[in-house]
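Trainee: Pasting a structure here, questions to come.
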Amino acid sequence: MKKIHVLVVGKNEAIVELLTRLVNKYPELMAQGTCLLEEIPSLCHSNTIDVLLLSSGLSLDQENQISNTMTQLNPNLKTIEHFGGGSGLLLSELNQALGIPLG
Amino acid sequence: MAQSIFHQADSRGQANHGWLVSSHTFSFANYYNPERIHFGALRVLNDDMVKGGMGFGQHPHDNMEIISIPLEGDLEHKDSMGNVAVIREGDIQVMSAGTGIYHSEYNHHPEEAVKFLQIWVFPNKKNVSPRYDQITLQKNDSHNQLQQILSPNPEDEGVWIHQDAWFHLGNFDEGKTNHYAIKKSGNGVYAFVLEGGFQINGYDLGRRDGLGIWDIDSFDLKATSNNSRILLMEVPMHISHN
């Protein structure tokens, strides 16, 4: 089964790490996370990113820029503006974006 | 024209982890219902019961306004800003998670259960500095009237959050009525019955039923039994933030 690739981007390292770990709990998904915006192009080129998960600390301009750049690489990219920082809402947001119940 | 949505108590998502029993009004964790994601800026309304001595270990939050209202028992809170507190029935706690905060929540009592509401509201401003506050409410101020417990204004009654939201609590005797006027045009109200029953806009609401109303300027409520208790959550119906 082809995995759905998720890229977690945010400025709070601990939260990005946690979100990446939580996403990787689902067998359908494979997540990478970064706090470094300059790392994003190389992460996008190593795998086609299906879902962009925007965590905290990014300005609206940064969020738009990341999302626009990544949409050019994958027009079917789904962008999740993540709120809450924890597992409860994360699963709900993933379900909503993917249209399939995970877990 | 007024719009409304009725959520019967037993239609909520249920989670039973043994130490934690939770009813989710909106999609949360393993409960997913695409018809029930949020009511405007109100994203989470969890009706939680935690067994004695148990609780949520340290975990992070970001970019969310988190309000906890204990209904029975005491809840112990510790966070990464150095706050250590016990919130009790009659208190309200608020946390603006902003750029990120870690906290834990445990039942303060070793044996008796704690019951509380956990309410998450989308903020109108992202990446704010995290903050924490709690206050004790004056119980008499909610007898047969609506007591404001939350607003967007630090100088106003109750706690405040980063959102154009107003929460009110009321304890009513049977037959008592009240009129609620929307504070900000475009907002809606989610009414959640804590105890007893109420009539609102032609709906008969029982314990833990919820009713969302929007596209209105005001509405009336009437208690249908003694010791009826209600929480009104006025929130923006359109989510925007900067």
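Trainee: Hey, does the range B:129-136 have a residue that's in contact with a His (Cβ under 6 Å, 6 or more places away or on another chain) and either farther than 14 Å from residue B:150 by Cβ or not aromatic (Phe, Trp, Tyr) (or both)?
Mentor: Narrowing the range B:129-136 to residues in contact with a His (Cβ under 6 Å, 6 or more places away or on another chain): none.
No: the range B:129-136 contains no residue that is in contact with a His (Cβ under 6 Å, 6 or more places away or on another chain) and either farther than 14 Å from residue B:150 by Cβ or not aromatic (Phe, Trp, Tyr) (or both).
Trainee: Here's another thing I want to ask about it. Please work out which residue is nearest to the other protein chains (Cβ to nearest Cβ), limiting yourself to the range B:102-120 and to residues that are more than 21 Å from residue B:165 (Cβ to Cβ) and surrounded by 23 or more Cβ atoms within 10 Å (Cβ to Cβ).
Mentor: Looking at the filtered set, the residue picked out is B:105.
Trainee: Take the range B:223-242 and flag every residue that is of a type in the set (Ser, Thr, Tyr) and either under 14 Å from residue B:195 (Cβ atoms) or part of a strand (DSSP E or B) (or both). Give the steps one after another, and end with the answer.
Mentor: Filtering the range B:223-242 for residues of a type in the set (Ser, Thr, Tyr) gives B:224-225, B:228, B:240.
Residues satisfying the conditions are B:224, B:225, B:228.
Trainee: (1) within 14 Å of the chain's Cα centre (by Cα); (2) within 13 Å of chain A (Cβ to nearest Cβ); (3) among the polar types (S, T, N, Q): which one isn't true of residue B:99, the others all being true?
Mentor: Only one criterion is unmet by residue B:99, namely (1).
The rows are residues; the columns are (1) in a strand (DSSP E or B); (2) in contact with a Phe, Trp or Tyr (Cβ under 8 Å, 6 or more places away or on another chain).
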residue: B:18; (1), (2): no, no
residue: B:35; (1), (2): no, no
residue: B:45; (1), (2): yes, yes
residue: B:48; (1), (2): yes, yes
residue: B:52; (1), (2): no, no
residue: B:57; (1), (2): yes, no
residue: B:66; (1), (2): yes, yes
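Trainee: Which condition from (1) assigned to a strand (DSSP E or B); (2) over 17 Å from the mean Cα position of the chain (by Cα); (3) at pLDDT 95 or above is the one that residue B:93 breaks?
Mentor: Result: residue B:93 passes all but (2).
Trainee: Here are B:15, B:2: which of them is over 19 Å from the mean Cα position of the chain (by Cα) and more than 9 Å from every other protein chain (Cβ to nearest Cβ)? Working first, answer last.
Mentor: Details: B:15 fails: over 19 Å from the mean Cα position of the chain (by Cα).
None of the other options fit; the residue is B:2.
Trainee: Starting from the range A:59-88, take each residue that is over 19 Å from residue A:47 (Cβ atoms) and list its partners that are surrounded by fewer than 16 Cβ atoms within 10 Å (Cβ to Cβ), counting only C-beta distances under 7 angstrom and pairs at least six apart or across chains.
Mentor: The qualifying pairs are A:60/B:242; A:62/A:37; A:86/B:59.
Trainee: Right, something else. Report yes if residue B:98 is outside any strand (DSSP E or B), surrounded by 19 or more Cβ atoms within 10 Å (Cβ to Cβ) and among the small types (Gly, Ala, Ser), otherwise no. Step through it out loud before you land on a result.
Mentor: Values: outside any strand (DSSP E or B): yes; surrounded by 19 or more Cβ atoms within 10 Å (Cβ to Cβ): yes; among the small types (Gly, Ala, Ser): yes.
Yes, satisfied.
A quick yes/no check of all residues on (1) within 14 Å of another protein chain (Cβ to nearest Cβ); (2) among the hydrophobic types (A, V, I, L, M, F, W, C):
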{"site": "B:29", "(1), (2)": "yes, yes"}
{"site": "B:69", "(1), (2)": "no, yes"}
{"site": "B:74", "(1), (2)": "no, no"}
{"site": "B:87", "(1), (2)": "no, yes"}
{"site": "B:92", "(1), (2)": "no, yes"}
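Trainee: If I go through the range A:1-38 residue by residue, how many of them are in a strand (DSSP E or B), within 14 Å of another protein chain (Cβ to nearest Cβ) and not aliphatic (A, V, I, L, M)? Quick ask: steps written out before the conclusion?
Mentor: Applying the first criterion (in a strand (DSSP E or B)) to the range A:1-38 yields A:4-9, A:29-34.
When the remaining residues are screened for being within 14 Å of another protein chain (Cβ to nearest Cβ), the result is A:8-9, A:33.
Now narrow it down to the ones that are not aliphatic (A, V, I, L, M): A:33.
Qualifying residue count, the range A:1-38: 1.
Trainee: Filter the range A:58-102 down to the residues that are β-branched (Val, Ile, Thr), outside any helix (DSSP H, G or I) and more than 14 Å from every other protein chain (Cβ to nearest Cβ) and list them by number.
Mentor: A:79
Trainee: Just to verify a result, which residue in the range B:151-204, among those that are among the aliphatic types (A, V, I, L, M) and in a loop (DSSP other than H, G, I, E, B), is nearest to residue B:240 (Cα to Cα)?
Mentor: Step one: filter the range B:151-204 for residues among the aliphatic types (A, V, I, L, M), giving B:159, B:161, B:165, B:169, B:181-182, B:189, B:191, B:193-194, B:200.
Of the ones still in play, those that are also in a loop (DSSP other than H, G, I, E, B) are B:161, B:165, B:182.
Numbers: B:161: 15, B:165: 13, B:182: 19 Å.
Looking at residues that are among the aliphatic types (A, V, I, L, M) and in a loop (DSSP other than H, G, I, E, B), I get B:165.
Trainee: Looking only at residues in the range B:121-141 that are more than 30 Å from residue A:60 (Cβ to Cβ) and under 16 Å from the mean Cα position of the chain (by Cα), which one is surrounded by the fewest Cβ atoms within 10 Å (Cβ to Cβ)?
Mentor: Step one: of the range B:121-141, the residues more than 30 Å from residue A:60 (Cβ to Cβ) are B:134-141.
Checking the rest, the ones that are also under 16 Å from the mean Cα position of the chain (by Cα) come to B:134-137.
Details: B:134: 17, B:135: 16, B:136: 11, B:137: 19.
Among residues in the range B:121-141 that are more than 30 Å from residue A:60 (Cβ to Cβ) and under 16 Å from the mean Cα position of the chain (by Cα), the one surrounded by the fewest Cβ atoms within 10 Å (Cβ to Cβ) is B:136.
Trainee: Now a separate question. Answer with yes or no whether residue B:161 is touching a Leu at 6+ places or on another chain (Cβ under 7 Å), crowded, with 17+ Cβ neighbours inside 10 Å, more than 20 Å from residue B:209 (Cα to Cα) and among the β-branched types (Val, Ile, Thr). It would help to see each step written out before you state the result.
Mentor: Values: touching a Leu at 6+ places or on another chain (Cβ under 7 Å): yes; crowded, with 17+ Cβ neighbours inside 10 Å: yes; more than 20 Å from residue B:209 (Cα to Cα): yes; among the β-branched types (Val, Ile, Thr): yes.
Criteria met by residue B:161.
Trainee: Next question, about the same structure. Does the range B:34-52 hold any residues that are more than 23 Å from residue B:65 (Cβ to Cβ) and within 11 Å of another protein chain (Cβ to nearest Cβ), and which are they?
Mentor: The one that is more than 23 Å from residue B:65 (Cβ to Cβ) and within 11 Å of another protein chain (Cβ to nearest Cβ): B:34.
The values are calculated or read from the model by the stated rules, or taken from the named source; none is laboratory data. The model shown is predicted, which means the values in this text are computed figures rather than measured ones. Note that each Cβ is placed from the backbone with ideal geometry, even for glycine, and that neighbours are counted across all protein chains shown.
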